[in-house]
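Notes follow the structure.
Derivation of every value follows stated rules applied to the coordinates shown; laboratory data play no part. Note that the structure is a prediction, hence the values are computed from the model and not measured. Here the Cβ is made from the backbone with ideal geometry for all residues, glycine too, and neighbour counts use every protein chain on show.
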Amino acid sequence: MSTSTTTAQVPVRVFGGPTALFDYGGLRFLTDPTFDEPGDYESDGPLLTKTAPAEGSTAELGQVNAVLLSHDEHADNLDTSGRALLADVPLTLTTPGGGERLGAKARGMADWETIELDRPNGGTVTVTAVPAIHGPASREDVEPVAGQVVGFVLTGQDLPTVYVSGDNASLEAVGEIAEHFGSVDTAIIFAGAPRFSVLFDGKPIVLDSAQAAEACRVLDANHIVPVHYDSWTHFTEGRQHLEAAFARAGLADRVDWARTS
């Protein structure tokens, strides 16, 4: 269970796409770094087209202590600029396969595996890898097509609990996380209902807006930061869809868009 004893919000800055920056326990964390310009990008799978630049640059990040990378195989989660940035970050936590591909500073984590990171003023932050499935089916059916993904939960003594969903489409996985940790204080929830006609009969490969709201209800998240719902053509539900879904779920007052514009 979580060691959280406070519901204080964790300030988050969203740069667009899946990229969010937050300080936690004296450490600075960055999710799925994507800072390349708009254009077409090759990935494992269909061509991806970026439509808007990041809302900020890597120069604005400061010293990042760890990257929480849901997966490394798709350009909308790790692009060329993001890969270059990893060289300057002491630690990247990611999937088992990504840990093998990304070099010595990367660590692949299996579901429920933990790592303790030292806080500058004493104590530790615990990062737990949690289940995520990048498609609308079982892991066995999804991973050969869309690859591995991983989510993360961060806990620490006298710290709020933070959940980073990664590119997850499974509410069942969210239920397992809720059973393990109880409620979370901040949920950085990937959404956008991305679809490709050639994959899974066009069904979303990450949560749609209604599912994102349901995930946050299941987790009883006090502070909800939606990410990865814009800036790419394969996303089919944007901010307006999310606003409506969270309003229907009675969670609108918990949502923080965390954008600079």
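Tabulated data for the structure shown
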| read-out | value |
| --- | --- |
| Residues whose placed amide H lies under 5 Å from that of Gly16, excluding near-sequence neighbours | Glu55 |
| 5 angstrom amide H check on Val227, placed H, neighbours 5+ away | Ile189, Phe190, Ala191 |
| Note, ³J(HN,Hα) from phi for region 170-181, Karplus 6.51, -1.76, 1.60, rounded to Hz, x at Gly and Pro | 10, 6, 4, 4, 4, x, 4, 5, 5, 5, 7, 10 |
| Cα gyration tensor shape of region 25-77, rounded if a/c is under 1.5, else prolate or oblate by comparing a/b with b/c | oblate |
| Long-range amide H partners of Thr124 with built H, under 5 Å | Arg119, Gln157 |
| Phi to ³J(HN,Hα) by Karplus 6.51 cos²θ - 1.76 cosθ + 1.60 over region 209-219, Hz, x for Gly, Pro | 5, 5, 5, 4, 5, 5, 4, 5, 5, 4, 7 |
| Dipole moment magnitude, nearest 20 debye, region 33-130 about Cα centre, only Lys, Arg, Asp, Glu C-beta charged | 340 |
| Furthest towards positive pole of dipole, Ile133, Val225, Asn77, structure part region 12-254, Cβ charges | Val225 |
| Value of relative contact order over region 74-118, rounded to a whole percent, pairs C-alpha under 8 Å and six or more apart | 27 |
| Charge tally in the Cβ shell below 15 Å around Arg254, where Lys, Arg are +1 and Asp, Glu are -1, Arg254 excluded | -4 |
| Karplus-derived 3J(HN,Hα), 6.51/-1.76/1.60, for each residue of region 238-255, Hz, glycine and proline x | x, 4, 4, 5, 5, 4, 5, 5, 5, 5, 4, 7, x, 10, 4, 6, 9, 8 |
